[in-house]
Ligand SMILES: *Cc1c(COP(=O)(O)O)cnc(C)c1O
Ligand code: SF4
């Protein structure tokens, strides 16, 4: 039995799951757009976003101006989970460009985690045993709070030869037991490239695990295709998918729930990381609901990050003291395994830092 306080999602039993999965498989080729088309047709015009949400043009001028700092980008399938007419919708708040982004705040920088100082192109090996690969510079969605808003990602497109260097580094360093696909969003790459890369990595004996950090299954759930499941599950590597969802409303999508069940059915461990964001999820109810809903659909909460201090995002910030207080409240409301670790990324530390 699943007990919950609110019910935006339908409860799925194991038997129903099988039915849903076979149903989706049959229906998949009837869908009008492939994930690539959904990616391509993501909304980038603020006027169009406001109009789809039946919001008036009061917000248009600010949105257009702030979109020149970092473009608006949001797929229709994500917009479909927003509430019409609500400027405070927690999903909209994550993507709508606003005036506050122009404010320069002391202590905020353009590269808060100093990722631009990596040594090997496309590879960050900062933590013991784990090497992070910048597989793709693109994202399906532009989150306003992201450090990527100032990152010259397009310069990070690697040639085959550079990929060779990355793989050689992984091969030469026997302490590396886990490879992390990151970005941008690694799943913005096509399955052919990802299969090739995964085969190269599976060929390195000391690598045991493949981790994929992606928001794409959340924003365009149809990204988890049969072909995608195939390369993820066919190598000898154990696979961990770390999703990025900040609010339970993001999870109210049938295709997403099916995608997660399918990943789990091929043995993938599915976790979630979230960012603590003012006006989005900075209250007890939102945090409890996120953890509860994640569990219902088969995902365990992993990290709750405090905001990286990136210029133009200070309006999303919560003080450490408030973050700790909220986290302590969450701890009193949920079983331990549903409480994410509250962390911060600090550039010269050997791990994420607990707050
Ligand atoms: C976050 C991160 C990792 C993974 O850290 P975990 O604590 O294992 O999740 C690895 N490398 C880099 C550079 C990171 O930023
Ligand atoms: S890297 Fe993640 S947080 Fe940043 S824009 Fe892409 S999906 Fe959003």
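The values are calculated or read from the model by the stated rules, or taken from the named source; none is laboratory data. Only a predicted model underlies this, so the values are computations on that prediction, with no experimental measurement involved. Every residue, glycine among them, receives a Cβ derived from its backbone with ideal geometry; neighbour counts consider all protein chains shown.
Values computed for the structure shown
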| read-out | value |
| --- | --- |
| Selection from the stretch 295-332 of residues that are touching a residue at least 60 places away in the same chain (Cβ under 8 Å) and farther than 30 Å from residue 267 by Cβ | 307, 308, 309, 310, 311, 312, 313, 314, 315, 316 |
| Any hit, the stretch 215-235, residues being within 15 Å of the chain's Cα centre (by Cα), under 24 Å from residue 295 (Cα atoms) and within 16 Å of ligand 1 (Cβ to nearest atom) | yes |
| Subset of the stretch 115-130 [assigned to a loop (DSSP other than H, G, I, E, B) and either at pLDDT 95 or above or surrounded by 14 or more Cβ atoms within 10 Å (Cβ to Cβ) (or both)] | 118, 121, 122, 128, 129 |
| Only one of 309, 324 that is within 21 Å of residue 353 (Cα to Cα) and at pLDDT below 95 | 309 |
| Flag if residue 109 is at pLDDT 95 or above and surrounded by 13 or more Cβ atoms within 10 Å (Cβ to Cβ) | no |
| Yes/no for residue 300 being surrounded by fewer than 19 Cβ atoms within 10 Å (Cβ to Cβ), under 16 Å from the mean Cα position of the chain (by Cα), at pLDDT 95 or above and in the same structural domain as residue 180 (by TED's automatic domain parsing) | yes |
| Residue 198 surrounded by 18 or more Cβ atoms within 10 Å (Cβ to Cβ) and modelled with pLDDT of 95 or more | yes |
| Filtered residues of the stretch 328-351 (kept if within 16 Å of ligand 2 (Cβ to nearest atom) and at pLDDT below 95) | 345 |
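Per-residue answers, yes or no, for (1) buried (at least 20 other Cβ atoms within 10 Å of the Cβ); (2) within 22 Å of the chain's Cα centre (by Cα); (3) within 16 Å of ligand 1 (Cβ to nearest atom); (4) free of Cβ contacts under 8 Å to residues at least 24 places away in the same chain:
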site	(1), (2), (3), (4)
49	yes, yes, no, no
78	yes, yes, no, no
87	no, no, no, no
132	yes, yes, yes, no
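Residue by residue, here is whether (1) out of contact with any helix residue (DSSP H, G or I) (no Cβ under 6 Å at 6 or more places or on another chain); (2) within 14 Å of ligand 2 (Cβ to nearest atom); (3) closer than 18 Å to residue 40 by Cβ; (4) outside the structural domain of residue 340 (by TED's automatic domain parsing) holds:
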{"site": "161", "(1), (2), (3), (4)": "yes, no, no, no"}
{"site": "166", "(1), (2), (3), (4)": "yes, no, no, no"}
{"site": "195", "(1), (2), (3), (4)": "no, no, no, no"}
{"site": "202", "(1), (2), (3), (4)": "yes, no, no, no"}
{"site": "209", "(1), (2), (3), (4)": "yes, no, no, no"}
{"site": "245", "(1), (2), (3), (4)": "no, yes, no, no"}
